[in-house]
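Colleague: The structure is given below, and queries will be raised subsequently.
The values are calculated or read from the model by the stated rules, or taken from the named source; none is laboratory data. Note that the structure is a prediction, hence the values are computed from the model and not measured. As a convention, Cβ positions derive from the backbone with ideal geometry for all residues, glycine included, and neighbour counts pool all protein chains shown. Keep in mind that these areas ignore ligands, DNA and RNA; they rest on the heavy atoms of the full protein, side chains included. Shrake-Rupley method; radii C 1.70, N 1.55, O 1.52, S 1.80 Å.
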Amino acid sequence: MQKSELAKIIRERRAIKKGYNDKIVTEEVVLELLDDAIWAPNHGMRQPWRFIFVNADQKPSFAKKIASTYPEERQQNREDYLNEPSAILVVIMDEPDIPKQWDENYGAMSAMIQNFWLLAWEKKLGVVWKTNPHIYDPKVKEILGVNANEKIVGFLHMGYFDQLPETKDRISAKAKFSLFKG
């Protein structure tokens, strides 16, 4: 059976963690991708997302500030790490007090990030969703102006790339599938 273009993109998409080239990730490209990505399903049309874009010019200052929240002996390592991608998109979620709505919001955020990732892949823009310890640090929330009722879902590291990473196989859906036997 012939795979659709969408199925091919889903299967070909990879996390691009390193090896970014010098092509600039612009605010315009990120906004264009987000304008489509936010069409993700979201319960009650709460649209629980907010974004902070860190471009190439702001990245050194951003990296230094975020790295400063780590113990001194790890700061240079973290600063270097945050300077690797061409740009970073901080993804922030509204955190409702009702657990069901929290779960729905996180599901919507995940769907939106997947949309963004696939749309970026189509443009040969590499993305990786990072959930490093700093996203949970109250000092990082303060640096970024994240409100008390918000959660940093992750930092999307982005950059254009020249070389694809290796493909890793998946366990088939059939191996994880069963029928209810009531």
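Colleague: Taking square-rooted eigenvalues a ≥ b ≥ c of the alpha carbon gyration tensor, is the range 140-182 rounded, prolate or oblate, where a/c under 1.5 means rounded and, failing that, a/b exceeding b/c means prolate?
Modeller: It is oblate, given that a/c is not under 1.5 and a/b is not larger than b/c.
Colleague: Which net charge results when you count Lys and Arg as +1 and Asp and Glu as -1 among the other residues whose beta-carbon is under 14 Å from that of residue 131?
Modeller: Net charge around residue 131: +2.
Colleague: With a Förster radius of 30 Å, plug the Cβ-Cβ distance of residue 76 and residue 51 into 1/(1 + (r/R0)^6) and report the FRET value to the nearest 0.05.
Modeller: 0.60
Colleague: How would the chain be classified by its alpha-carbon gyration tensor: rounded, prolate or oblate, with rounded meaning a/c under 1.5 and the a/b versus b/c comparison settling the rest?
Modeller: oblate
Colleague: If you don't mind, there's one more thing I want to ask. Would you give the gap between the C-alpha center of the range 101-152 and the C-alpha center of the range 20-78, rounded to a whole Å?
Modeller: Between the Cα centres of the range 101-152 and the range 20-78 lies a distance of 8 Å.
Colleague: If we count every other residue with Cβ under 13 angstrom of residue 67's Cβ, Lys/Arg +1 and Asp/Glu -1, where does the sum land?
Modeller: Computed value for this residue: 0.
Colleague: Sort 50-60, 113-123, 170-180 for me by packing, meaning the mean count of neighbouring Cβ atoms within 10 Å per residue, highest on top.
Modeller: Ranked by mean Cβ neighbours within 10 Å, highest first: 113-123, 50-60, 170-180.
Colleague: With a Cα-only, solvent-free Debye model of the range 1-82, what are the log10 I(q)/I(0) values at q = 0.14 Å⁻¹?
Modeller: Values returned for q = 0.14 Å⁻¹ are -0.80.
Colleague: Accessible area per residue of the range 72-182 at 1.4 Å probe, in Å²?
Modeller: Per-residue accessible area for the range 72-182 comes out at 60 Å².
Colleague: Something else: I need the calculated FRET efficiency for the pair residue 27 and residue 181, taking r as the beta carbon distance and R₀ as 45 Å, to the nearest 0.05.
Modeller: E(calc), rounded to 0.05, equals 0.25.
Colleague: Right, here's the next one. Pull up the cross-link candidates among the lysines for residue 18, meaning alpha carbon to alpha carbon under 22 Å and not fewer than 8 places away within one chain.
Modeller: Of all the lysines, those that pass the test against residue 18 - Cα under 22 Å, at least 8 places apart if same chain - are 59, 64, 65, 123, 124, 130, 168.
Colleague: Using only helices, what value at 222 nm comes out for the chain when you add -39,500 (n - 2.57) per DSSP H run of length 4 or more and divide by the total residues, to the nearest 500 deg cm²/dmol?
Modeller: Rounded to the nearest 500, it is -12000 deg cm²/dmol.
Colleague: While we're here: Which percent of the accessible heavy-atom area of the chain goes to carbon and sulfur, probe 1.4 angstrom?
Modeller: Reported share for carbon and sulfur atoms: 52 percent.
Colleague: If you take every residue apart from residue 116 with its C-beta less than 13 Å away from the C-beta of residue 116, what net charge results, scoring Lys and Arg +1 and Asp and Glu -1?
Modeller: For residues surrounding residue 116, the net value is -2.
Colleague: Hey, another quick one. Apply the membrane-span-like helix rule to the chain: whole DSSP H runs, Cα extent along the own long axis of at least 20 Å, mean Kyte-Doolittle hydropathy at least -1.0. List the helices found.
Modeller: Helices meeting the criterion: 99-122.
Colleague: List the equivalent ellipsoid semi-axes of the range 87-130 in whole Å, largest first, each obtained as the square root of 5λ for an eigenvalue λ of the Cα gyration tensor.
Modeller: So the three semi-axes of the range 87-130 are 25, 11, 6 Å.
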